[in-house]
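Remarks on the structure that follows.
The values are calculated or read from the model by the stated rules, or taken from the named source; none is laboratory data. Keep in mind that what you see is a predicted model, and the values were worked out from it rather than measured. Heads up, the Cβs are rebuilt from the backbone with ideal geometry, glycines too, and the neighbour counts pull from every protein chain shown.
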Amino acid sequence: MKAIAFLGGGRITGALAAGLRLAGDRREIVVYDRHPEKMRALRRESRVVVARDLKSAVERAGMLIIAVRPESVKEMLAEVAVCGAVPPKLCVALAAGIPLRNLQAWLAGVRWVRAMPSPVCRIGRGFTPVAFEPGVQRRDRARVRKLFARVGVVVEIPERQMDAITASASPTHGYHALANLAKAAQDAGLDRETALAAAAHALADGISYWRQIRGELSELLKEAATPGGIAAATMAAMDQAGYGRVMAKGLAAGIGQAKWNAGGPK
């Protein structure tokens with residue numbers, strides 16, 4: 001079996017490699033990065049093979065995963081095209097906002113998939129939306145879904161929805177909410193550790209409860225926020241302050257950044 005080869009050894013490569021090893025995946029994982037000195041920790045953590053150069057990484061790949069920043073994708077694919085190795089037929093891009101049409105133009109003769117795995121795949125709780133170009137065969141679609149299913153949930157969607165789901169599914173929403181809720185709790189008089197514990201329960205345990213029972217959110221809100229109670233007053237004040245508008249504005253900004261990425265480097 002040929003290796004999974006990552007071009008780019010950054011955080012998402014590290015998270016995916018760790019998640020695959022945690023899931024018991026023993027296949028060869030090859031990583032090429034322009035700065036090989038930073039690969040030592042990744043090699044220790046996930047037993048990856050650090051490629052000596054781009055050509056050797058491409059030659060060993062059964063599936064090629066492009067894991068560089070969006071502004072670097074075009075340049076990286078140009079290097080692949082002239083490196084002297086024939087790329088595998090199946091390539092996956094993890095670059096936010098870069099559409100399939102650009103990938104096809106920058107490296108032809110392969111079949112492209114877009115995927116946006118969450119860094120939480122490191123612990124097997126990832127969430128990965130995927131979008132396939134029409135020519136990707138059924139068995140290759142299954143290979144991609146199986147790969148990401150080892151590190152969490154996989155959702156296949158039309159490419160036109162990729163920007164919206166990328167902006168919506170980021171775990172930064174949870175971290176951001178946790179940080180702000182904990183700060184507000186500290187400002188209200190709790191010590192830092194207690195504030196973080198309370199905020200984490202409010203966010204993580206409440207959502208875990210919803211995941212288990214799959215109840216209607218409106219009913220859960222009624223259950224948790226008794227009319228005239230503290231929670232109801234808190235939610236009402238947040239809504240009046242524009243909580244929903246803030247969320248919508250944030251997602252719009254994220255989608256706008258993805259669309260800017262689609263234009264490539266300026």
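Before we move on, is Ala23 under 20 Å from Gly109 (Cβ atoms), surrounded by fewer than 17 Cβ atoms within 10 Å (Cβ to Cβ) and either at pLDDT 95 or above or of a type in the set (A, V, I, L, M) (or both)? No.
Considering every residue within the stretch 76-90, establish whether at least one is touching a Cys at 6+ places or on another chain (Cβ under 8 Å), of a type outside the set (Lys, Arg) and touching a residue at least 24 places away in the same chain (Cβ under 8 Å). So far as the stretch 76-90 goes, no, none of its residues is touching a Cys at 6+ places or on another chain (Cβ under 8 Å), of a type outside the set (Lys, Arg) and touching a residue at least 24 places away in the same chain (Cβ under 8 Å). Of the helices (runs of 4 or more DSSP H) lying entirely inside the stretch 198-266, those carrying at least 1 residues that are in contact (Cβ under 8 Å) with a residue 60 or more places away in the chain and surrounded by 10 or more Cβ atoms within 10 Å (Cβ to Cβ) are 243-262. For the stretch 157-195, the set of residues classified as charged (D, E, K, R) and exposed (fewer than 14 other Cβ atoms within 10 Å of the Cβ) consists of Arg160, Asp187, Asp191, Arg192, Glu193, listed by residue number. If the condition is being at pLDDT 95 or above and either of a type in the set (A, V, I, L, M) or closer than 15 Å to Val151 by Cβ (or both), then the stretch 26-35 contributes Ile29, Val30, Val31. Evaluating Ala164 against the criteria (1) under 21 Å from Phe127 (Cα atoms); (2) among the hydrophobic types (A, V, I, L, M, F, W, C); (3) not in a helix (DSSP H, G or I) leaves one unmet condition, (3). Within the stretch 32-43, residues that are closer than 15 Å to Gly8 by Cβ reach partners that are part of a helix (DSSP H, G or I) and of a type in the set (A, V, I, L, M) with beta carbons closer than 7 Å, at six or more positions or on different chains, in the pairs Tyr32/Leu54; Tyr32/Ala57; Asp33/Met39; Leu42/Ala17. Quick check, is Leu107 in contact with a strand residue (DSSP E or B) (Cβ under 9 Å, 6 or more places away or on another chain) and in contact (Cβ under 8 Å) with a residue 40 or more places away in the chain? No; evaluated as a whole, the condition is false for this residue.
So that you can scan it fast, the table gives a plain yes or no per residue for (1) among the aliphatic types (A, V, I, L, M); (2) outside the structural domain of Cys121 (by TED's automatic domain parsing); (3) modelled with pLDDT of 95 or more; (4) under 26 Å from the mean Cα position of the chain (by Cα):
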| position | (1), (2), (3), (4) |
| --- | --- |
| Leu181 | yes, yes, yes, yes |
| Ala185 | yes, yes, yes, no |
| Leu190 | yes, yes, yes, no |
| Leu196 | yes, yes, yes, yes |
| Ala199 | yes, yes, yes, yes |
| Ile207 | yes, yes, no, yes |
| Trp210 | no, yes, no, yes |
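Return yes or no: is Arg125 surrounded by 14 or more Cβ atoms within 10 Å (Cβ to Cβ), touching a residue at least 24 places away in the same chain (Cβ under 8 Å) and not β-branched (Val, Ile, Thr)? No. The helices (runs of 4 or more DSSP H) found wholly in the stretch 7-125 and carrying at least 2 residues that are over 22 Å from Gly152 (Cβ atoms) and out of contact with any Asp or Glu (no Cβ under 9 Å at 6 or more places or on another chain) occupy 40-46, 54-60, 73-82, 100-106.
Criterion applied to Ala5, Ala15 was being within 15 Å of Arg122 (Cα to Cα) and touching a helix residue (DSSP H, G or I) at 6+ places or on another chain (Cβ under 8 Å), and the one residue passing it is Ala15.
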